[in-house]
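Here, each number is a calculation from the coordinates, and none is a lab measurement. Fair warning: this is a prediction, and the values are worked out from it, not measured in the lab. Cβ placement follows ideal geometry from the backbone for every residue including glycine, while neighbour counts extend to all protein chains displayed.
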Amino acid sequence: MILVIADDFSGAAEMAGMAFRQGMRARVSTRRAHRMREGLLAMDTRTRMASSSRACQAIHALFQGIDLDCVPWIFKKVDSVLRGHVRLEIESILSLTGLQRALLIPANPSKGRVIVDGYYHIQGEPLHETFFARDPHYPRQSSSMMDLMGREGSYPVHLIEEPKHLNKEGILIPSIEHMSQVVNWANQVADSCLMAGGVDFFEALLKAKGSKPESCSANLSPTNDLPNQLFVCGSPGALAAGRLNWCHQNGIPVHECSSTWLASSDMAPPRTWVEDAIGHLQKTGQCLVTTSAEPLNHVMNGKTAASRLVQIVRHIMAGIQVDQVFVEGGETALELADAMGWHDFRVTRASSEGIPELEHHSNHLPTFIPKPGSYPWSDEWLVER
């Protein structure tokens, strides 16, 4: 069994989806480590928004339920722009496993996210000049990898350029500008090194270790010819990247919640809003529910925004059958899963980019399609009507 440890739900799901694309049986869990003879288990430790002490405790608790003799290798999934407790969690895993080094490749060159001379860039722009500089929880005020990793820790951080530097102890971060470099590092790294990073590195590792794609996993033709598709956007990054314009271009009705209700003490959504969303689904089979496009951190914290969105979704699902729920934003996805009592999932399909469709253990609709908010939805998921 391959073990993936992620700090949020969408990240865990993304890794499971990529493993499924490579022909592996894959599961996602938010509650406990399962015993699997083969395949991949992606665990969400729920620590992206936690305190540093809580993050450390969660990693230690996870390893108490794992037989490392049954795990050939571990991958630590990190946020591509290093939000969360990246260094602390990697160091905790190194300490618990007895490993002396970690190779960290958070860059995703397939999405224009690269590291050049120790500085992070997105589509040619320094990280601190992108919308991530305005992240409500982890604003990226620097593009320096050393700044992003933090200057203090139990293990040293090294910026490296060549595989011969893999013998250093600590956390090793190479410059990455092209996918070929990611592939080269994946072919060079040994199992005695903790592997950490983003989806590009993980995909390269799966291929380097011999997994082969199954063509059947690429088929996204839904079992229901015209499923009701409910999109839920709880990601400020997705809104900043133009999610509402994408909906308008694809004819998906948008149901935008006002910041007035989001900031109020009334948790129940206005009845007319719920009825409008249900009406959109009845008429078009699609609808997107989201928060106000204005910065939410001015009126409330992100977790409360996610809770409000989940309340609306639950009311909608009580009024009409929803076949697929598409959720962007790890916090929103986890809030919805918790509210519905969903903790364990298996991957049933995945897009070409590795975004999975998850079926929860009850095998009842709806299926669940979560993804990070900073990536666009693939048109593969859209159903012509």
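Across the stretch 283-288, rounded Karplus estimates of 3J(HN,Hα) from the backbone phi angles (6.51 cos²θ - 1.76 cosθ + 1.60, θ = phi - 60°) give 7, 10, x, 9, 6, 10 Hz, Gly and Pro being marked x. Of H165, H280, H364, H121, the sequence from fewest to most neighbouring Cβ atoms within 10 angstrom is H364, H165, H121, H280. Between the Cα long axis of helix 52-64 and the first principal axis of the chain there is an angle of about 80°, rounded to the nearest 10. Would you mind classifying the stretch 240-290 by shape? Square roots of the alpha carbon gyration tensor eigenvalues, ordered a ≥ b ≥ c; an a/c under 1.5 is rounded, otherwise it is prolate if a/b is larger than b/c and oblate if not. Oblate, since a/c reaches 1.5 and b/c is not below a/b.
For the stretch 1-50 versus the stretch 244-293, the spacing of their alpha-carbon centroids is 30 Å. Within the stretch 2-208, antiparallel bridges make up roughly 25 percent of the DSSP beta bridges whose residues both belong there. Qualifying trypsin sites (Lys or Arg not before Pro) in the stretch 1-109, where qualification requires a DSSP coil assignment and no more than 16 other C-beta atoms within 10 Å, comprise R25, R31, R32, R35, R37.
Multiplying the residue separation of S352 and K164 by 0.36 nm and subtracting their alpha-carbon distance yields 64.3 nm. For the stretch 219-381, what proportion of DSSP beta bridges, expressed in % and rounded to the nearest 5, is antiparallel? Here the share of antiparallel DSSP bridges comes out near 25 percent. Say R0 is 51 Å: what FRET efficiency, to the nearest 0.05, do H60 and M267 get from their beta-carbon distance? In this case the efficiency is close to 0.90.
Our helix-only sum for the chain, with -39,500 (n - 2.57) per DSSP H run of n ≥ 4 divided by its residues, gives a mean residue ellipticity at 222 nm of -9500 deg cm²/dmol. For a modelled paramagnetic label at V71, 7 Å from Cα along Cα-to-Cβ, the residues of the stretch 182-211 in reach, with backbone nitrogen under 12 Å, are 194-195.
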